[in-house]
Amino acid sequence: MPRSVLLIAGGSRGIGAATAELAAARGYDVAVNYKSNAEAAAHVVGTVKSAGGNAVALAGDMAIEADIERVFDAAVAQLGPLTHFVHSAGITGTTSRLEDASAATLREVIDINVYGALLCARAAVRRLSTARGGRGGSIVLLSSIASVIGGAGEFIPYAASKGAIDTLTLGLAREVAKDGVRVNAVRPGIIDTEIHPPGRVERITPMLPIGRPGRADEVAETILFLLSDAASYVTGALLNVTGGR
């Protein structure tokens, strides 16, 4: 039986990297997309290979259509037909109140987190959909509990972009359900990764009901569940991984 092939947009760091490493342990071949940190991507690829999987690192900016198409094509050419996709490419933007945010920050957050996610989701469906000759499969998008909380005082543009991811998940899941493609989203809370500005995790931790920040591997476990056949009747779900926040 052909192996499952997973492409992770933003797979060289944080939750994306943890997902790649856990996927390898579960028998996936993994294409690790990165924008600029080739060393980090190479480390993840090495970890995947040491777990017995096949892996490639693919450079590309997930806010640029040509890069996205090239990365998807390269993943298929080097690993085989795509069966799974995780969109973990995203930024928070500069911390500020909305009235103090620059137009450049607003544009960058929307371009990467929303426009890029739409392009990536489109590319994934074109390759997974049984209506287009694909094998079917599963897409997981990284949202955030910020889409519910709103990001006041810090990350309203980021929160708004993740609200768009929630809507994309709900609509696309319904659109492609009969084409053999499931689409779900994970909404992490405070996860101890480099996406946060210095000191933010420590500042918010006392407010978390579970009393600690989450780990990237804990989010990866939820992502791998949604990718797997164990979630075969789950589509259009928005799963919180927040420690109760």
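The values are calculated or read from the model by the stated rules, or taken from the named source; none is laboratory data. In this text the structure is predicted, and so the values were computed from the model without any measurement. Glycine also receives a Cβ, built like all others from the backbone with ideal geometry; neighbour counts cover every protein chain displayed.
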Checklist entry - If we keep just the residues of the stretch 60-118 that are over 22 Å from residue 38 (Cα atoms), of a type in the set (Ser, Thr, Tyr) and touching a Gly at 6+ places or on another chain (Cβ under 6 Å), which is surrounded by the most Cβ atoms within 10 Å (Cβ to Cβ)? => result 83
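Matching residues to (1) assigned to a helix (DSSP H, G or I); (2) crowded, with 18+ Cβ neighbours inside 10 Å:
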residue: 166; (1), (2): yes, no
residue: 172; (1), (2): yes, yes
residue: 183; (1), (2): no, yes
residue: 202; (1), (2): yes, no
residue: 209; (1), (2): no, no
residue: 217; (1), (2): yes, no
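Yes/no matrix, rows are residues, columns are (1) modelled with pLDDT of 95 or more; (2) closer than 25 Å to residue 23 by Cβ; (3) among the aliphatic types (A, V, I, L, M):
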residue	(1), (2), (3)
168	yes, yes, yes
171	yes, no, no
180	yes, yes, no
204	no, no, yes
211	no, no, no
219	yes, yes, yes
224	yes, yes, yes
229	yes, yes, no
Checklist outcome for this item: Only one of (1) under 21 Å from residue 181 (Cα atoms); (2) surrounded by fewer than 24 Cβ atoms within 10 Å (Cβ to Cβ); (3) in contact with a strand residue (DSSP E or B) (Cβ under 8 Å, 6 or more places away or on another chain) does not apply to residue 40, and that is (1)
Checklist entry - Which pairs have Cβ atoms under 9 Å, sit 6 or more apart or on different chains, and link a residue in the stretch 200-213 that is closer than 19 Å to residue 95 by Cα to one that is among the hydroxyl-bearing types (Ser, Thr, Tyr)? => result 200/95; 201/193
Next on the checklist: Quick test of your reading of the structure: residue 241 fulfils all but one of (1) hydrophobic (A, V, I, L, M, F, W, C); (2) at pLDDT 95 or above; (3) out of contact with any Pro (no Cβ under 9 Å at 6 or more places or on another chain). Name the failing condition by number.
Outcome noted: (3)
Checklist entry - Here are some conditions: (1) assigned to a helix (DSSP H, G or I); (2) surrounded by 15 or more Cβ atoms within 10 Å (Cβ to Cβ). Residue 177 meets all but one. Which one does it not meet? => result (2)
Checklist entry - Among the residues of the stretch 42-58, how many are farther than 17 Å from residue 85 by Cα and not β-branched (Val, Ile, Thr)? => result 7
